[in-house]
Amino acid sequence: MAAEGSVEGRKQRPIIEFLHLPTVSGEKPYLAGYQCQACGASYLGEGRVGCSKCTSTEPLQATRLSDHGILYVYSIVHQSVPGVPVPYVSAIVDLPEGVSVRCNLIDVEPDPAKLPFGMPVQMVTCKVRERKEKNAEGVEETIDIIAFFFQPSQN
Amino acid sequence: MRDVYVLGVGMIKFGRYPDKDVPQLGAEAAVLALKDAGLSIKDVEMFVCGNLFQANAMNAQRILQQIGQTGIPALNVSNACATGSTAFREAYIGVASGMYDVTMAVGVEQMGKMGLLGGGARSGGESVEGVLGSGLMPAVFGQAGVEHMRKYGTTAEQFAKVAVKNHKHSVHNPLSQYRVEVNLMMWLMDAW
């Protein structure tokens, strides 16, 4: 299970393990990366056995990926599974480390004319749902499930 | 490596077949291919079946159970969209290598109504579909199409023309699942 964060008393859990949430307020959430020490190639998420680019099997280094990138490509989704609001923009964002991230692109119109390739984007996080679970003492608590999104940015 | 010849092929009509299972459909196609080649299953020295969604169901063995259990090696392969060609490649290598003279490959898939493949994607119990982008095949391949647009300037109209052309072919193919023509305007209005 992904590492849990906690801000102002509310328990938070990232929707996916490579999203790292702050444990004290003032910290920023980030996407976890893993960097090859031999060639410098970066990957999304931790826990790789080796580097598939240069084939080094030396231990990789955990890093923080940038929260700014550019829009590589997208798909405007008009039909989905029940419970997913449409239309929305599913996008591939390229980060400066050479890592590609699939995400929802928000605060944009789902219109190709408004989605120029290479558009600068930035990461934001927000709560997408809640889970009610019993903690170790058997007391029910609410956990906010946090996801990351990308939105257009000025730079 | 030796030269390899395709002696016979067989195909059944594309469809959902709710009343049949994977080995049944594969067996029907296999029998057609044997007929086309003028061979019997007794001539086949190795059999390989490609299937993805029921890949653990021992389909090669179950097809032979229907058309002839002759004691030959039976192989099952799974390789995403390349599953059928992987089955063919294994059969090819069997003959090219000189190990066998006659081999047979079958590709068979029953999709049911799982048209939006990948919709069940979860991470640690949390569904990410539609939150962290889409892993559904229409969206994934849509992105691949948009990448083609980005790299080569391909237009939505050009993609639509491919669909129009393919549907035109389907009308003349009695084994097509959907034998309907579509026109370009219809497709374009839907494309974006």
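The values are calculated or read from the model by the stated rules, or taken from the named source; none is laboratory data. These figures come from a predicted structure and were not determined experimentally. Every residue, glycine as well, gets a Cβ built from its backbone with ideal geometry; the counts of neighbours run over all protein chains shown. The accessibility values were calculated without ligands, DNA or RNA, using every heavy atom of the protein model including side chains. Shrake-Rupley method; radii C 1.70, N 1.55, O 1.52, S 1.80 Å.
The H on the amide N of A:ARG129, modeled in the peptide plane, is under 5 Å from the matching H of A:ILE145, each at least 5 residues off or on a different chain. Which one of A:CYS36, A:CYS54, A:CYS103 has the biggest mean-square fluctuation once chain A is modelled by GNM with Cα springs under 10 Å? Answer for the Gaussian network model of chain A: A:CYS54. Simple spin-label estimate for B:THR154 and B:VAL180 gives 2.4 nm between the two label positions (7 Å along the Cα-to-Cβ direction from each Cα). Take each residue of peptide A:68-77, count the partner chain Cβ atoms within 10 Å of its Cβ, and average: the result is 5. Of all aspartates and glutamates in the structure, those lying under 14 Å Cα to Cα from B:LYS165, and not within fewer than 8 positions of it along the same chain, are B:GLU157, B:GLU181. Taking chain A, the Cys residues with no second Cys beta-carbon under 4.7 angstrom are A:CYS103, A:CYS126.
Please compute the average number of Cβ atoms from other chains found within 10 Å of each residue's Cβ in peptide B:135-144.
That works out to 5 on average.
For the pair A:LYS114 and B:ALA57, label points projected 7 Å from Cα toward Cβ lie 4.5 nm apart. For region A:29-37, the Karplus equation 6.51 cos²θ - 1.76 cosθ + 1.60, evaluated at θ = phi - 60°, returns couplings of x, 8, 8, 7, x, 9, 10, 6, 7 Hz by residue, with Gly and Pro reported as x. Pairs of lysine residues in region A:2-155 that meet both criteria, 8 or more places apart or on different chains and Cα atoms under 27 Å apart, total 7.
Note on region A:1-151: Cα-only Rg and Dmax are 17.4, 54 Å. Result for chain A in a Gaussian network model with C-alpha springs under 10 Å: among A:THR63, A:THR142, A:THR125, the largest mean-square fluctuation is at A:THR142.
Within region B:1-58, the proportion of Cα pairs with more than 15 Å between them is 59 percent.
Could you sort the peptides B:36-47, B:4-15, B:133-144 by per-residue average Cβ neighbour count (10 Å cutoff), highest mean leading? Present the calculation step by step, with values, prior to reporting the outcome.
On the way: B:36-47: 16.5, B:4-15: 12.7, B:133-144: 19.7.
The densest-packed peptide leads the list: B:133-144, B:36-47, B:4-15.
What distance in nm separates the simple spin-label points at B:VAL171 and B:CYS81, each placed 7 Å from Cα in the Cβ direction? Once both label points are built, they end up 2.7 nm from each other.
Dimensions of the protein assembly as shown from C-alpha coordinates, computed as largest minus smallest value along each principal axis and given longest first, are 76, 51, 46 Å. The magnitude of the dipole of region A:29-119, with charges of +1 and -1 set on the Cβ of Lys/Arg and Asp/Glu and taken from the Cα centre, is near 200 debye.
Computed with the Debye formula from one identical point scatterer per Cα of region A:12-100, without solvent, the log10 of I(q)/I(0) at q = 0.26 Å⁻¹ comes to -1.20. Between B:THR154 and B:MET149, the built amide H atoms are under 5 Å apart, and every one of these is 5 or more places off in sequence or on another chain.
Over the whole of A:119-129, what's the average partner chain Cβ count within 10 Å per residue? Rounded to a whole number, please.
Numbers: counts 0, 0, 0, 0, 0, 0, 0, 0, 0, 6, 3.
Mean partner shielding for this stretch: 1.
The HN-Hα couplings worked out from phi for region A:113-127 by the Karplus form 6.51 cos²θ - 1.76 cosθ + 1.60 (θ = phi - 60°) are 5, 9, 10, x, 4, x, 4, x, 9, 9, 8, 9, 10, 7, 6 Hz, whole numbers, x standing for Gly and Pro.
Other residues lying with their Cβ under 14 Å from the Cβ of A:CYS51 contribute a combined charge of -1, Lys and Arg counting +1, Asp and Glu -1. Here the Karplus relation 6.51 cos²θ - 1.76 cosθ + 1.60, evaluated at θ = phi - 60°, turns the backbone of region B:67-77 into coupling constants of 10, x, 8, 9, x, 7, x, 10, 10, 10, 10 Hz, with x for every Gly and Pro. With a 1.4 Å probe, how much accessible area is buried between chains B and A, both sides summed, in Å² to the nearest hundred? Rounded to the nearest hundred, the buried surface is 2300 Å².
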